[in-house]
Amino acid sequence: MVLCRIYGLPLDSVALFLPHHCRHLSRRSILYLLRILRAGDDRKSLILHRGEYNFVILNAFPYTSGHSMIVPYEHLDRLHKLPAAAANEMMALSRQMEITLIELYRPDGVNLGMNVGKAAGAGIAGHIHMHVLPRWVADANFITVIGETRILPELLETTYQRLKAKF
């Protein structure tokens, strides 16, 4: 069974998820996105919403509670390659997520953005995705900066349930 026409790798050759903070991610990480889309268990895969051109997924290794990503179904490495309809939907979903995060978490601000290319810090350099995450004044503290550890006020499952209810 061919999972991805781009690479032509069979489903059983796909590795388990590699955390976003790894320095080098192989094409297997890109295939992870395809695997979770086909898994059929959105709750387990942390998929909050499936649109026509993009899906919304909760980041399994969040910087803050509510850290989500809008990911196009189409495998593209540059934003300018994304068809207009998909780009419009990505922006609409980003706006919806911003509103939802403000309503649910009352942050001091919201980060929206993407890292395009390995040199820009993209965890999955070959597949663009938009990050949307709530931020608070002084949410980066000693344990975060020095210990490289995140302290989250709620379980990932709780975050999923709260956000899923808004889609």
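The loop-placed trypsin sites (Lys or Arg not before Pro) in the range 53-108, going by DSSP, that have at most 16 neighbouring Cβ atoms within 10 Å of their Cβ come out as Arg78. The GluC sites (Glu not before Pro) found in the range 52-116 that occupy coil by DSSP, while having at most 15 further C-beta atoms within 10 Å, are Glu52, Glu74.
Only the coordinates and a few stated rules stand behind these numbers; no lab work does. What you see is a predicted model; the values in this text were computed from it and never measured. Neighbour counts run over all protein chains shown; Cβ positions are idealised from the backbone, glycine included.
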